[in-house]
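Have a look at the structure below before the remarks.
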Amino acid sequence: MNGTAWLESMHGHLGVLACAALAHPAIRMRKGAPLSSGARWSIGLTTLGVVGAFATGLVIYARYVAEVRPFVFRASAQAGLLFETKEHLAFLVVGTSLGACACALLAPREARSLRRLASLLYALGALACLGTVLLGTHVASVATFAR
């Protein structure tokens, strides 16, 4: 496996892990209870993982645009447009995750509503991440057969 293929694989695996990891703080904070120090670390690491998955996508993006995207659009314009949608969903995942992390970690102890908001944002991020993963998997299969 060459360096780029390894990064593409890592990006996909990190995306799947991020999808699963985002569900944990969404469930854990739904009642707005104050966070333990372990939960704070878990939330920070979850958000860092999401940013890591997004960052690996940015690293491989130039190659995608130059080499893979034309094949995908030739094979299926719908798949190409779905990938464009996937990119927007990925921004939503990062934005909601960072916002949720800020709400959760910066909320005063008595601010249950901010932790509930963080829970909602993490749930939205998890759903958007699931959509991102599903669209990415579909487009990757189209790209594989288009080559």
Cα centroid separation - region 71-142 against region 15-68, whole Å
9
Cysteines, the chain, no other Cys beta-carbon under 4.7 Å:
C101, C103
Note, ³J(HN,Hα) from phi for region 100-114, Karplus 6.51, -1.76, 1.60, rounded to Hz, x at Gly and Pro
5, 4, 4, 4, 6, 7, 9, 5, x, 3, 7, 8, 4, 5, 5
Run the numbers for W6 and K31: contour at 0.36 nm per residue of separation, minus the present Cα-Cα distance, in nm.
5.0 nm
Using the Cα centre of region 18-139 as the reference point, and only Cβ charges (+1 on K/R, -1 on D/E), how large is the resulting charge dipole? Debye, rounded to the nearest 20.
460
Per the charge dipole of the chain (beta-carbon charges, Lys/Arg positive, Asp/Glu negative, Cα centre), the residue among A75, V142, L58 reaching farthest to the positive end is L58
First compute the accessible area of the chain with a 1.4 Å probe, then give the percent of it belonging to carbon and sulfur atoms.
71
Where labels lie 7 Å past Cα in the beta-carbon direction, separation of L81 and L48 in nm:
4.1
Relative contact order for region 22-127: what percent, with Cα pairs under 8 Å and sequence separation of 6 or more?
52
Could you provide, to the nearest whole Å², the per residue accessible area of the chain with probe 1.4 Å?
56
As a test of the formula, what do you get for the chain when each DSSP H run with n ≥ 4 contributes -39,500 (n - 2.57) and the sum is divided by the residue count, at 222 nm and rounded to the nearest 500 deg cm²/dmol?
-30000 deg cm²/dmol
Modelled FRET efficiency - R0 22 Å, L134 with I60, Cβ distances, 0.05 increments:
0.75
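The values are calculated or read from the model by the stated rules, or taken from the named source; none is laboratory data. Small disclaimer: the values here were computed from a predicted structure and weren't measured. Using ideal geometry, Cβ is built from the backbone for each residue, glycine included, and neighbour counts are taken over all protein chains shown. Surface accessibility is based on the protein's heavy atoms, side chains included, excluding ligands, DNA and RNA. Shrake-Rupley method; radii C 1.70, N 1.55, O 1.52, S 1.80 Å.
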